[in-house]
Amino acid sequence: MGKYYETLFRPALFTRDSEAAHEIGVDAMAWLGAVAPVRRALEWWTRRGTARARPVAAFGLQFPNAVGLAAGFDKNARAWPAAAALGFGHVEIGTVTALAQPGNPKPRMFRYPADEAVINRMGFNNEGSEAVAARLARQAPPGKRRIPLGVNLGKSKVTEIEQAAADYLRSFSRLAEYADYLVLNVSSPNTPNLRQLQDESRLRELLAAITGANRDRAAQPGKRRVPVLLKIAPDLTWPQIDAVLGVIAEYGLDGIIATNTTLARPGPFATVNEAGGLSGAPLTRRSTEIVGYIARATQGRLPIIGVGGIVDIESAAAKLDAGATLVQVYTGMIYRGPFFAAELARGLVERQRQR
């Protein structure tokens with residue numbers, strides 16, 4: 001299927017603006033999710049090649065395969081019900097903020113096909129946590145889904161950094177009910193000052209607020225504790241990562257996502273004059289190095305979702321070999337097509353069988 005996409009569909013999509021093509025993909029996936037017979041038939045077809053995949057256990061959840069859809073694609077929980085039919089073993093929606101916001105001025109997403117890369121400065125455009133919660137309330141709840149659903153939370157742009165914890169708490173209170181796991185995104189480069197939340201003191205304040213609310217929630221009758229993960233940037237130094245890992249251990253977070261997009265401009269991107277986060281193949285090496293570093297630093301005790309520059313089976317396998325428990329893709333799907341996850345999952349099954 002990947003060859004058909006690359007030769008027939010991708011050229012047509014790439015005549016469109018990047019964000020316009022993205023919206024076509026979201027609309028198509030939302031349609032698939034709404035048409036149950038087609039969705040079920042497609043899921044049966046995609047799962048034929050992954051029937052021997054070893055389910056992955058992480059942060060108290062079961063994942064049918066290791067490949068997930070990263071946050072950024074389905075910002076408003078419109079398309080995720082179709083993710084299993086495309087071969088994904090989990091899906092993460094968002095980033096969702098407490099307040100609805102339009103994001104940064106357009107154009108704000110740019111493809112670089114020769115390098116299998118994207119630069120984006122979307123700016124957390126989304127309908128806000130109240131609207132997303134209302135949509136999730138009409139969809140399959142935790143425990144009745146084909147695959148786990150993660151909800152990625154960010155800070156509203158208009159919220160001052162000193163009020164960030166309260167902003168995240170508003171979204172937590174609205175969305176925890178519907179999430180199989182939650183992610184605190186403190187690493188997008190496209191919201192002013194957001195990355196300051198990776199600083200040890202600010203991160204401690206945020207995690208204290210969220211983990212406290214999570215404990216209070218679990219103490220209520222009929223409520224459950226929701227696994228919480230942190231998503232970090234690839235631009236942190238090793239001492240900064242050590243400090244982050246120390247705070248994660250202090251507050252008992254369930255996992256880490258490594259990594260978000262980068263502000264670095266390696267190789268041919270040194271002369272590219274577009275602001276925003278770079279994703280895709282140029283990020284492969286750095287994100288995998290960070291996965292390996294975290295795995296060694298935590299002696300494999302902290303589950304890691306590896307994301308950044310997965311463009312083929314080899315780059316997915318490299319992250320798992322480095323210590324990732326799960327992987328996620330997004331930019332790779334732009335270049336390889338909607339069945340990229342199924343192809344990765346099948347390839348990883350074959351790799352398991354050959355070992």
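Within region 240-262, does at least one residue satisfy the condition of being surrounded by fewer than 23 Cβ atoms within 10 Å (Cβ to Cβ), part of a helix (DSSP H, G or I), in contact with a Lys or Arg (Cβ under 6 Å, 6 or more places away or on another chain) and without any contact (Cβ under 8 Å) to a residue 60 or more places away in the chain? Yes, the conditions are met somewhere in region 240-262. Tallying residues that are surrounded by fewer than 17 Cβ atoms within 10 Å (Cβ to Cβ) and within 24 Å of residue 109 (Cβ to Cβ) within region 27-42 yields 3.
The requirement of being under 30 Å from residue 60 (Cβ atoms), in contact with a Pro (Cβ under 9 Å, 6 or more places away or on another chain) and part of a helix (DSSP H, G or I) is satisfied by residue 290.
Determine whether region 190-199 contains at least one residue that is among the β-branched types (Val, Ile, Thr), outside any helix (DSSP H, G or I) and over 30 Å from residue 40 (Cα atoms). Give the steps one after another, and end with the answer.
Our first condition is that a residue be among the β-branched types (Val, Ile, Thr); within region 190-199, this holds for 191.
Pick out the ones that are also outside any helix (DSSP H, G or I) and you get 191.
Those left that are additionally over 30 Å from residue 40 (Cα atoms): 191.
Looking through region 190-199, at least one residue is among the β-branched types (Val, Ile, Thr), outside any helix (DSSP H, G or I) and over 30 Å from residue 40 (Cα atoms).
Just one of (1) assigned to a helix (DSSP H, G or I); (2) closer than 18 Å to residue 278 by Cβ; (3) polar (S, T, N, Q) fails for residue 171. It is (2). In the list 265, 225, which residue meets the criterion of being surrounded by 14 or more Cβ atoms within 10 Å (Cβ to Cβ), assigned to a loop (DSSP other than H, G, I, E, B) and without any contact (Cβ under 8 Å) to a residue 12 or more places away in the chain? Residue meeting the stated conditions: 225.
In region 233-279, the residue that is farthest from residue 297 (Cα to Cα) out of those that are over 17 Å from the mean Cα position of the chain (by Cα) and charged (D, E, K, R) is 274.
Taking the numbered list (1) within 22 Å of residue 72 (Cα to Cα); (2) in contact (Cβ under 8 Å) with a residue 40 or more places away in the chain; (3) surrounded by 21 or more Cβ atoms within 10 Å (Cβ to Cβ) in turn, residue 275 passes all entries but (3). For the condition basic (Lys, Arg), in contact (Cβ under 8 Å) with a residue 12 or more places away in the chain and farther than 20 Å from residue 264 by Cα, residue 286 does not qualify.
May I ask you to list the residues in region 1-19 that are of a type in the set (A, V, I, L, M) and surrounded by fewer than 14 Cβ atoms within 10 Å (Cβ to Cβ)? Before the answer, list the steps.
Keep residues of region 1-19 that are of a type in the set (A, V, I, L, M), which gives 1, 8, 12-13.
Of everything in region 1-19, those that are of a type in the set (A, V, I, L, M) and surrounded by fewer than 14 Cβ atoms within 10 Å (Cβ to Cβ) turn out to be 8, 12.
Would you confirm whether or not region 194-203 contains a residue that is without any contact (Cβ under 8 Å) to a residue 40 or more places away in the chain, closer than 21 Å to residue 108 by Cβ and among the small types (Gly, Ala, Ser)? Scanning region 194-203 turns up no residue that is without any contact (Cβ under 8 Å) to a residue 40 or more places away in the chain, closer than 21 Å to residue 108 by Cβ and among the small types (Gly, Ala, Ser).
Here residue 39 does not fit the description of being modelled with pLDDT under 95 and basic (Lys, Arg). Out of (1) exposed (fewer than 14 other Cβ atoms within 10 Å of the Cβ); (2) assigned to a helix (DSSP H, G or I), the odd one out for residue 158 is which? Evaluating residue 158 over (1) exposed (fewer than 14 other Cβ atoms within 10 Å of the Cβ); (2) assigned to a helix (DSSP H, G or I) leaves (2) as the failure. Among residues of region 1-48 being part of a helix (DSSP H, G or I) and of a type in the set (Ser, Thr, Tyr), the one that is nearest to residue 87 (Cα to Cα) is 46. Out of the residues in region 97-152 that are among the basic types (Lys, Arg) and in contact with a Lys or Arg (Cβ under 8 Å, 6 or more places away or on another chain), state the one that is nearest to residue 166 (Cα to Cα). Among residues in region 97-152 that are among the basic types (Lys, Arg) and in contact with a Lys or Arg (Cβ under 8 Å, 6 or more places away or on another chain), the one nearest to residue 166 (Cα to Cα) is 135.
Go through 329, 349 for me and flag whichever is touching a residue at least 24 places away in the same chain (Cβ under 8 Å) and under 24 Å from residue 264 (Cα atoms). Spell out how you get there, then give the answer.
Numbers: 349 fails: under 24 Å from residue 264 (Cα atoms).
None of the others qualify; the one that does is 329.
Among 78, 48, 40, 111, which is farther than 30 Å from residue 256 by Cβ and touching a residue at least 24 places away in the same chain (Cβ under 8 Å)? It would help to see each step written out before you state the result.
Values: 78 fails: farther than 30 Å from residue 256 by Cβ; 48 fails: touching a residue at least 24 places away in the same chain (Cβ under 8 Å); 111 fails: farther than 30 Å from residue 256 by Cβ.
Exactly one of 78, 48, 40, 111 is farther than 30 Å from residue 256 by Cβ and touching a residue at least 24 places away in the same chain (Cβ under 8 Å), namely 40.
The values are calculated or read from the model by the stated rules, or taken from the named source; none is laboratory data. Fair warning: this is a prediction, and the values are worked out from it, not measured in the lab. Ideal geometry is used to build each Cβ from the backbone, glycine not excepted, and the neighbour counts take in all protein chains shown.
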